[in-house]
Amino acid sequence: MNTLDEIEREVKDTSHYVSGNLANYAHRSAGENPSGEQQVGGDVWADDLYFDALTTIEGVGAYASEEREEIIDCGDGYSISIDPLDGSSNLASNNSVGTIVGVYDAELPAAGRNLVASMMVLYGPYTTMTVAREDRDVVQEYLLRDGHSERFGTFTLPDDPTVIGMAGKINQRSEAMNDLAEEFAKELKPRYGGATVADLAQVLEYGGIFGYPATKKYPDGKLRVHFESAPLAYLVEAAGGASSDGDQSLLDVEPEEIHGRTATFLGNESLIKRLEDAL
């Protein structure tokens with residue numbers, strides 16, 4: 001078993017455990033993460049679980065988490081970036097949350113072109129894990145249940161887009177962004193739930209576009225390059241879609257520091273092109 005196989009196996013096993021125990025952390029609060037956002041107890045708990053599982057793998061050289069200020073040096077090998085519990089504020093209302101993992105063949109910070117694998121776990125009515133790897137020709141989805149995983153299908157974005165999930169308050173977004181969102185909403189079904197993994201899962205299943213643009217509150221965008229934007233862009237582009245920060249592929253964004261942010265758009269190539277032309 002090579003290092004990527006071991007990383008994938010540990011993410012599957014840990015995610016299965018997380019899935020079965022999320023209810024224990026639904027109403028537990030914590031402090032602030034390095035980006036100044038409020039944590040819930042599940043954020044810290046999940047981060048500790050993935051840290052223990054992934055940093056003991058031979059061939060993993062660094063661990064960077066949305067919940068940690070610094071990159072943890074583990075030796076030589078791949079660099080892991082992780083959002084342990086994406087959309088954790090959804091726990092209190094019993095809505096979907098997820099986990100995002102990027103595997104870089106480079107020291108962090110690094111552009112997404114250095115990614116060799118990306119994994120996205122969705123804790124919904126059932127738990128799935130979607131995987132893109134440089135050594136595979138398809139984006140594979142697994143169903144995690146009963147202590148094991150089973151192949152659930154492969155992902156290619158549908159040619160005919162159906163849904164749109166666009167974040168940000170109207171009075172916080174640019175006029176151009178609001179005009180475009182209104183135009184898309186006339187053609188597509190609005191679907192936005194506040195957890196990036198859950199919103200993107202709808203785009204992968206039905207086709208469409210998900211976006212978190214720059215806003216007055218988040219002038220550089222809200223999502224973090226290493227923990228959300230680049231790993232998800234790697235997955236979407238491997239599935240035949242496209243990504244953008246409004247100007248270029250998210251895989252070409254060069255973050256200056258580990259918690260750097262960027263405007264983020266993911267979905268069908270035709271919609272991403274229209275977005276770039278409009279912005």
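Restricting the first residue to the range 165-192 and requiring it to be on the phi < 0 side of the Ramachandran plot and open to solvent by 30 Å² or more (accessible area, probe 1.4 Å), which pairs with a second residue that is among the charged types (D, E, K, R) and not in a helix (DSSP H, G or I) meet a Cβ separation below 6 Å and a spacing of at least six or different chains?
Q172/K216; Q172/K217
Filter the range 197-232 down to residues that are of a type in the set (S, T, N, Q) and surrounded by fewer than 24 Cβ atoms within 10 Å (Cβ to Cβ) and give me whichever is farthest from V138 (Cα to Cα).
T215
How about the range 206-230: which of its residues are among the charged types (D, E, K, R) and closer than 17 Å to A242 by Cβ?
E228
Of all residues in the range 233-260, how many are crowded, with 24+ Cβ neighbours inside 10 Å and in contact (Cβ under 8 Å) with a residue 40 or more places away in the chain?
The number of residues fulfilling the criteria is 7.
Look through the range 75-102, keep the residues that are charged (D, E, K, R) and buried (at least 24 other Cβ atoms within 10 Å of the Cβ), and return whichever of them is modelled with the lowest pLDDT.
That would be D86.
May I ask you to list the residues in the range 58-74 that are of a type in the set (A, V, I, L, M) and surrounded by fewer than 17 Cβ atoms within 10 Å (Cβ to Cβ)?
If the condition is that a residue be of a type in the set (A, V, I, L, M) and surrounded by fewer than 17 Cβ atoms within 10 Å (Cβ to Cβ), then I72 is the only one that fits.
Any idea which of T162, T156 is surrounded by 13 or more Cβ atoms within 10 Å (Cβ to Cβ) and in contact (Cβ under 8 Å) with a residue 60 or more places away in the chain?
On the way: T162 fails: in contact (Cβ under 8 Å) with a residue 60 or more places away in the chain.
Among T162, T156, only T156 is surrounded by 13 or more Cβ atoms within 10 Å (Cβ to Cβ) and in contact (Cβ under 8 Å) with a residue 60 or more places away in the chain.
Let's see how each residue does on (1) within 17 Å of the chain's Cα centre (by Cα); (2) part of a helix (DSSP H, G or I):
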position	(1), (2)
L200	yes, yes
P219	no, no
K222	yes, no
E228	yes, yes
V236	yes, yes
G246	no, no
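The values are calculated or read from the model by the stated rules, or taken from the named source; none is laboratory data. What you are looking at is a predicted structure, and each value in this text was computed from that prediction instead of being measured. Cβ sites come from the backbone with ideal geometry, for glycine too, and all protein chains shown count toward neighbours. Remember, those area values only see protein heavy atoms, side chains included, never the ligands or the DNA or RNA. Shrake-Rupley method; radii C 1.70, N 1.55, O 1.52, S 1.80 Å.
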